[in-house]
Amino acid sequence: MNNIKNNLTKVAAVVATLISTSVFAQTQVIHAGELLAVPGKSSLKNQTIVVKDGKISSVEKGFLPVENYGEDAKLIDLSKSFVMPGLMDMHVHLQMELGEHNTKDALQLSDADLAMQSVYFAKTTLMSGFTTVRDLLSHSEQMYALRDGINKGIIDGPRVVAAAGVTITGGHLDVDGMSPDILKLKTPETICDGPFECRKVTREAIKYGADAIKVASTGGVLSDTDTGTGQQMTDNELNEIVETAHGLGRKVASHAHAAAGINAALRAGVDSIEHGSYANRESIKLFKKTGAYLVPTLLAGDTVVNMAKGSDFMSAPIKAKALRVGADMLANFKKSYKAGVKIAFGTDSGVSRHGTNAREAVLMHQAGMKTSDILKSATVNGADLIGMSEQLGTIEEGKFADIIAMDASPLKNIEELLDVDFVMKDGKVYKQ
């Protein structure tokens, strides 16, 4: 019996040693041919990035010998590549992808089916170079499970900030386009009418796991109702949601198209405006006063316009809104950017195809945004928006080792972001 105990003790010791020398404990030495360590600042040539335990240990000049960092150190040769922090998308929907199958999916797919679909879309997103995303409304329980599974390392995907949606009866985040009996079955639990109800559902959403809150201050393009895109949520409802969420340490994003809804949400103190399609002069003043971010989602606008013109699955109200709002988004974004509004990169992927997120950058550039500002919006600004600037957004000592690389510089040609060749998240290489 003593021999058995001794053998088990030895096995346990070996297992402990193997765990302690896992890939995350191993020192990784990256030779970066051109390094944009801090987007918004100048890139540097021939740099060495040292990664230990999933975090950046140091960034040093020159291509330093891997032997300098111990016998177990591993070289990752990106000496002919452009290297930068992992990209961040502040507006995705990982459980869906818009198309002719939508109505059938809504009726036929179980919650478990949606969860499995989100696993696939999450990995697709990660492999395209996006290491952190903010999911602004999916089925909550399944989304929280995906987020937690990724954090535990049992699912491959980007870091997920998961938001719960709060809206009014018949508002943009409510269900629509189905028969009344089905609508009753599928109505979300986070519907509220009046400030006191909105306080309660906000608290409940956070209780059950929401990292952030999304509100719909205006109507939406893809709501299958002829209710327009004007302000829907009242000022006192917005005020109550923001105050409650902030009091519980959660940020608030507001879906908003019309200027009245944008301005009401900004006055209430939201942290970001999603879409911001018809921001006016007052909106720009409020953006600057409050410090809120605009998340433009130009790719969503481009996508719905093309779908409205080239397919028949949209209902008449959706098609009319898509052609009007989608076509106007680019010009209005250009005005906000030129006026100095803070921009955080976001696509509304799920409306567009997952994995094509970087096309947003191409559209932003077409609207006149500088490539350096685009890269900053998808890294530094995203990290600031979700309150993770100390951990993410740059390649600096102590931060998570979220690193991507491509053949050439996106500072010179933004379309380089469409073909990311190397992806590391938390020190683990997913694509090389």
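For segment 391-425, a tally of residues being surrounded by fewer than 18 Cβ atoms within 10 Å (Cβ to Cβ) and assigned to a helix (DSSP H, G or I) returns 2.
Restricted to segment 331-389, the set of helices (runs of 4 or more DSSP H) holding at least 2 residues that are in the same structural domain as Leu411 (by TED's automatic domain parsing) and in contact with a helix residue (DSSP H, G or I) (Cβ under 9 Å, 6 or more places away or on another chain) is empty. Selection of segment 260-288 for residues being more than 15 Å from Val242 (Cβ to Cβ) and in contact (Cβ under 8 Å) with a residue 12 or more places away in the chain yields Ala260, His275, Gly276, Ser277, Tyr278, Ala279, Asn280, Glu282, Ser283, Ile284, Phe287, Lys288. Among the residues of segment 236-282, those identified as part of a strand (DSSP E or B) and hydrophobic (A, V, I, L, M, F, W, C) are Val252, Ala253, Ala256, Ile273.
Being in the same structural domain as Ala367 (by TED's automatic domain parsing), within 19 Å of the chain's Cα centre (by Cα) and either modelled with pLDDT of 80 or more or at negative phi (or both) is not true of Thr290.
The values are calculated or read from the model by the stated rules, or taken from the named source; none is laboratory data. Only a predicted model underlies this, so the values are computations on that prediction, with no experimental measurement involved. Methodologically, a virtual Cβ is constructed for each residue, glycine included, from the backbone with ideal geometry; neighbour enumeration extends over all protein chains shown.
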